[in-house]
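To start, the structure itself, in C-alpha cells.
Read-outs throughout are calculated quantities, based only on the coordinates presented, and are distinct from any laboratory measurement. Quantities reported herein were computed from a predicted structural model and do not represent experimental measurements. Reconstructed Cβ throughout: ideal geometry from the backbone, glycine too, with neighbour counts over all protein chains shown.
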C-alpha cells in the first residue's frame with residue numbers, strides 16, 4: 001500500500017467536502033481509494049484552559065509591574081496607586097501573552113485546517129520566574145501522517161509569533177531609555193539577538209560610553225518572545241524545529257537532532273541560563289529517542305515552496321537566537 005499524494009487535502013488550503021475530516025487516503029492493491037476518516041475530537045476542558053490563562057495573566061502582570069517599577073525612576077508603589085500600578089503591568093503581560101498566544105494559535109489553526117485533533121493552547125504560569133511564564137503549548141492528540149501537514153503545523157507557530165514580536169520589539173525599544181550608569185552597578189545582562197541589535201542601532205545608534213539601555217517592559221516581553229521563538233525552532237525532537245527538520249530532511253533529521261543536542265550541551269557550559277533548557281532536551285532524547293516519528297511519506301519531498309518557507313524559518317532562528325540569554329554580571333568590570 002502506498003501513499004497517494006495527489007489525494008491528500010488540497011494545498012495549501014481547501015474544503016473537505018462531506019462534513020468528515022479526511023486525515024489521509026491510501027491506494028488499495030486493486031487501485032481503489034480507501035478513505036480513512038479521523039475519529040471524533042475529544043471534548044475540550046474549557047475551565048482548565050481558562051484557569052491556566054488567567055493564572056498566567058496574573059503572574060505576568062505581577063512581573064510586569066516590577067519591570068515597570070525598575071524602568072521608571074522614582075516609581076511610586078503603594079495601595080493608593082494600585083490601579084495605575086496594575087495597568088502599567090500590562091505593558092509586559094499583554095505583549096508577552098500576545099506573542100505566545102499567536103504562536104500557539106498558529107499551530108492550532110493549522111491543526112483545525114487539516115482536521116488534526118488538537119487542544120486549544122495551555123498557558124503555563126511561573127510566578128517565581130523573571131518572565132512570569134514558562135510559555136504555552138497545544139496537545140496534538142493523533143499522529144500526523146504526512147510531512148506536508150507536519151511541516152505546515154510546525155512552521156505556523158513560529159511565524160505567527162514572530163510577526164507579532166517584530167513590531168512589539170520596535171515599539172518597546174523606541175520606548176526604552178538610554179541612561180548613564182554607575183560603574184559599580186551590577187544586574188541582569190541580556191543577550192542581544194541579531195534582530196535586537198539591529199533595531200537598537202536603527203533607533204538609538206551607538207550608545208555613548210558609560211551609558212546603558214534600560215528596557216521598557218514591552219521591549220523585554222518582545223526579547224523573551226524572540227528567545228522563545230528561537231528555542232522552539234531548535235531542530236530537536238518534538239520541538240517546532242524538529243518537525244520542520246524532519247519534514248525537509250526525512251531520516252537525515254536524526255543526525256541534525258544529535259548535532260543540535262551536542263551544540264546545546266556545549267553552549268550550556270558557557271551560559272548557565274541554558275542549563276535547564278539543555279537538560280530538558282537531553283531528557284526528551286532519552287525518553288523519546290533521537291528519531292522523529294515517521295510519517296507515511298517519509299521519502300517524498302515536500303516541494304520547493306515549503307523548502308523556501310523552511311529557509312525563512314531558519315532565518316528567523318538566526319536573527320532571534322542568542323547563545324547567552326541572561327547573565328548576572330557587572331556591566332563595567334573593574
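Express in nm, to one decimal, how much length is gained between residue 305 and residue 280 on full extension, taking 0.36 nm for each residue of separation and deducting their alpha carbon distance.
Working: separation 25, 0.36 × 25 = 9.00 nm, distance 3.27 nm.
Computed gain between residue 305 and residue 280 is 5.7 nm.
Can you compute the modelled spin-label distance between residue 112 and residue 139, with each label point 7 Å from Cα toward Cβ, in nm?
Result: 1.9 nm between the two label points.
For labels at residue 254 and residue 177 in the simple 7 Å Cα→Cβ model, what's the distance in nm?
About 5.7 nm separates the two model spin labels.
Give, in nm to one decimal, the length gained when the segment between residue 194 and residue 50 is fully stretched (0.36 nm per residue of separation minus the Cα-Cα distance).
Values: separation 144, 0.36 × 144 = 51.84 nm, distance 3.53 nm.
Full extension from residue 194 to residue 50 adds 48.3 nm.
Averaging sequence separations of C-alpha pairs under 8 Å and six or more residues apart, then dividing by the length of the stretch 79-211, give the relative contact order as a whole percent. It would help to have the intermediate numbers written out before the result.
Numbers: 117 pairs, mean separation 31.5, N = 133.
After rounding, I find 24 percent.
Using the eigenvalues of the Cα gyration tensor, what equivalent ellipsoid semi-axes result for the stretch 45-330 when each is taken as the square root of five times the eigenvalue, whole Å, largest first?
On the way: eigenvalues 241, 98, 57 Å².
Rounded to whole Å, the semi-axes are 35, 22, 17.
Could you tell me the calculated FRET efficiency between residue 209 and residue 315, based on Cβ-Cβ distance and R0 = 30 angstrom, to the nearest 0.05?
Details: r = 33 Å, r/R0 = 1.09.
Given R0 = 30 Å and the Cβ-Cβ separation, E is 0.35.
What does the highest-first list of 265-272, 314-321, 111-118, 125-132 look like by mean Cβ count within 10 Å? All intermediate terms of the calculation are to be shown ahead of the outcome.
On the way: 265-272: 13.9, 314-321: 18.2, 111-118: 20.1, 125-132: 16.0.
Final packing ranking: 111-118, 314-321, 125-132, 265-272.
Highest mean first, how do 289-300, 200-211 rank when packing is the count of other Cβ atoms within 10 Å averaged over residues? Display every interim value, and only then the final one.
Working: 289-300: 16.2, 200-211: 11.6.
With the highest mean Cβ count within 10 Å placed first, the list reads 289-300, 200-211.
Provide Rg and Dmax in Å for the stretch 233-304, with only Cα atoms included in the calculation.
Every Cα atom of the stretch 233-304 included, Rg and Dmax give 12.9, 41 Å.
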